[in-house]
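Inspection log for the structure reproduced underneath, given as structure tokens.
Throughout, read-outs are computed from the coordinates displayed, never taken from laboratory work. No experiment lies behind these values; they were computed from the predicted model shown. Glycine also receives a Cβ, built like all others from the backbone with ideal geometry; neighbour counts cover every protein chain displayed.
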């Protein structure tokens with residue numbers, strides 16, 4: 001196996017193990033065994049388990065930045081992306097949910113953060129940022145722009161954003177635990193978005 005391919009295989013195997021049993025419970029030997037290499041060979045690529053975790057977090061965050069609607073959308077500067085109807089909002093949000101549920105690396109990283117949030121302070125901070133602060137900030141900006149465009153009635157944008165996005169987060173967590181319920185989750189999200197526009201829409 002070429003050096004670059006081995007390094008990639010180590011990262012993939014580590015993320016798979018971390019997402020199932022957590023970072024703390026996973027040993028270097030388990031990662032090496034999953035790749036089919038000796039522990040000494042693994043150390044020629046990464047000097048510690050922490051170095052593997054650091055590389056994984058960097059790689060997954062970079063991928064998320066490239067593909068996530070949350071990181072790309074800037075409603076104030078690019079109104080062309082702003083969904084102005086319930087149909088457009090449903091298409092946009094369901095597309096984003098499909099991405100974060102079905103992309104293996106993103107899904108596994110999210111599961112790892114859930115496991116590690118009570119054991120690792122750095123990963124707890126990342127979990128709060130990725131799954132609460134960034135999401136609420138994104139949707140607050142989204143709601144403010146819809147109010148400014150006259151699509152939604154003016155109210156407290158942060159509370160409206162919480163009402164909009166936090167149930168969706170719970171449904172994503174449900175689909176993570178029980179993947180067979182993804183169709184049900186998608187249906188609930190669609191109904192939720194349409195109800196939100198019905199309640200707040202002008």
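Quick notes
- Over all pairs of different C-alpha atoms, region 1-59 has a mean inverse distance whose reciprocal, the Kirkwood radius, equals 11.1 Å.
- Footprinting exposure proxy ranking of 138, 99, fewest other C-beta atoms within 10 angstrom first, gives 99, 138.
- Every helix of 4 or more DSSP H residues in the chain counts as -39500 (n - 2.57), and over all residues that averages to -23500 deg cm²/dmol at 222 nm.
- Residues 143, 170 in ascending order of nearby Cβ atoms (within 10 Å, fewest first): 170, 143.
- Angle in degrees between helix 134-148 and the longest Cα principal axis of the chain, rounded to the nearest 10: 20
- Helix 86-102 vs. the chain, principal-axis angle (Cα, 0 to 90°, nearest 10): 10
- Ranked for footprinting exposure by Cβ neighbours inside 10 Å, fewest first, 91, 6 give 91, 6.
- Centroid-to-centroid separation of region 1-62 and region 148-202 [C-alpha atoms, Å]: 36
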